[in-house]
Amino acid sequence: MEKYKSVFLCVSIVLVMFLILFIFLIYNRVGNAQDTYLFCRKYSDNTVKWNLEELPRPDSLDFLQGSKSKKVDSVELNNHYCLSFGPVGSKTSAPFAFSCYPSGKDGQSISFMTFKYAPSCDYSNIYEKGLAFDGVFLKIGNYVTYTFRHLPSVLVFDAKGRFMKDIHTNDNVPCPSIIRYKEYYIYERGKAFNSNVSSFVKGQFVYVFSYRIPRMEKRFIVDVYSLETGRYQYSVNIDNKGKYANTDIDKVFSVGKEIYIDTRMDLLKLSL
């Protein structure tokens, strides 16, 4: 009997040790992922529903021409206004411009300010321009930047959406070549290049994540430009433990005053 008690005691001790190890591993994993989990939870409360109504597949340009909004991107400002970038008017030859309008109006009312963007590139319609001028807004503090993905340019606006500066970046890529293939407009292979991923303003400097950084640089390289003159100053690096290069960045976005770098594999919080 005493023999069975000893065996039972040993087995119990082993099971308790395995249980403690399991709890430790789970706790450690949850702790490391806490920021990501809270971030995802914050933005997963809003749900979307399927619309099961049948509709024709959008295979032609007629569908694009009939769409209500052709904005490239938009961002909400501090004064209950939005700053958007896209064509002005419904014509396919319409110019592209940055416009401010009240939040929720979606451009239905006349914008109080419009800044037309007309680079040296020559494009004939809004579909070519939409690809060539593709980019992303990022609002941090009292500044908003629009970073072109295929042009060597970053535009800076103040918190009210007023244009401030055009930063010509060191990437110096040519205007992307856009061609039509069947019913689509696409980038011409070998004649369209990525330039910059994103940018933001801090103090008197504009920080730009350039795409034109060698992949062997397993760290984030950020080019720094003067907000006053627009000139390149120097570059700094962000250590990510040798995991990622600038080309691994999918997008950079903000939540409040925090900046996050999404590499698809990791969501990294940038401490300024």
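Let me confirm something: among 160, 139, 191, which residue is at pLDDT below 90 and not in a helix (DSSP H, G or I)? Let's see the steps before the verdict.
Working: 139 fails: at pLDDT below 90; 191 fails: at pLDDT below 90.
Sole residue among the options that is at pLDDT below 90 and not in a helix (DSSP H, G or I): 160.
Tell me which of these residue 190 doesn't satisfy, since it passes every other one: (1) within 21 Å of the chain's Cα centre (by Cα); (2) over 23 Å from residue 73 (Cα atoms).
Tallying (1) within 21 Å of the chain's Cα centre (by Cα); (2) over 23 Å from residue 73 (Cα atoms), residue 190 fails exactly one: (1).
Which of the residues that make up region 202-213 are over 15 Å from the mean Cα position of the chain (by Cα) and surrounded by 13 or more Cβ atoms within 10 Å (Cβ to Cβ)?
Of the residues in region 202-213, the ones over 15 Å from the mean Cα position of the chain (by Cα) are 202-206, 212-213.
202, 205, 206, 212, 213, listed by residue number.
Which number in (1) surrounded by 14 or more Cβ atoms within 10 Å (Cβ to Cβ); (2) of a type outside the set (Ser, Thr, Tyr); (3) in a strand (DSSP E or B); (4) over 18 Å from the mean Cα position of the chain (by Cα) marks the one condition that residue 171 misses?
Every listed condition holds for residue 171 apart from (3).
Just name the residue that is surrounded by the fewest Cβ atoms within 10 Å (Cβ to Cβ) out of those in region 214-272 that are among the basic types (Lys, Arg) and over 18 Å from residue 203 (Cβ atoms).
For region 214-272, the residue satisfying everything is 241.
Please work out which residue is nearest to residue 260 (Cα to Cα), limiting yourself to region 203-247 and to residues that are polar (S, T, N, Q) and either assigned to a loop (DSSP other than H, G, I, E, B) or modelled with pLDDT of 90 or more (or both).
Result: 240.
Evaluate the following for residue 165: is it at pLDDT below 95, in a strand (DSSP E or B), surrounded by 13 or more Cβ atoms within 10 Å (Cβ to Cβ) and of a type in the set (D, E, K, R)?
On the way: at pLDDT below 95: yes; in a strand (DSSP E or B): yes; surrounded by 13 or more Cβ atoms within 10 Å (Cβ to Cβ): yes; of a type in the set (D, E, K, R): yes.
Yes; evaluated as a whole, the condition is true for this residue.
Yes or no: region 125-133 includes at least one residue that is at pLDDT 80 or above, charged (D, E, K, R) and open to solvent by 40 Å² or more (accessible area, probe 1.4 Å).
no
Can you name the number of the only condition in (1) at pLDDT 85 or above; (2) of a type in the set (A, V, I, L, M, F, W, C); (3) open to solvent by less than 30 Å² (accessible area, probe 1.4 Å) that residue 100 fails?
Only one criterion is unmet by residue 100, namely (1).
Only residues that are closer than 14 Å to residue 86 by Cα and of a type outside the set (Phe, Trp, Tyr): list them for region 122-146, please.
The answer is 125, 126, 128, 129, 130, 131, 132, 134, 135, 136.
Examine region 228-238 for a residue that is out of contact with any Asp or Glu (no Cβ under 7 Å at 6 or more places or on another chain) and farther than 27 Å from residue 163 by Cβ, and state whether such a residue exists.
yes
The values are calculated or read from the model by the stated rules, or taken from the named source; none is laboratory data. Note that the structure is predicted; figures quoted are calculated from it, not measured. Glycine gets a Cβ as well: all are built from the backbone with ideal geometry, and neighbour counts include every protein chain shown. Keep in mind that these areas ignore ligands, DNA and RNA; they rest on the heavy atoms of the full protein, side chains included. Shrake-Rupley method; radii C 1.70, N 1.55, O 1.52, S 1.80 Å.
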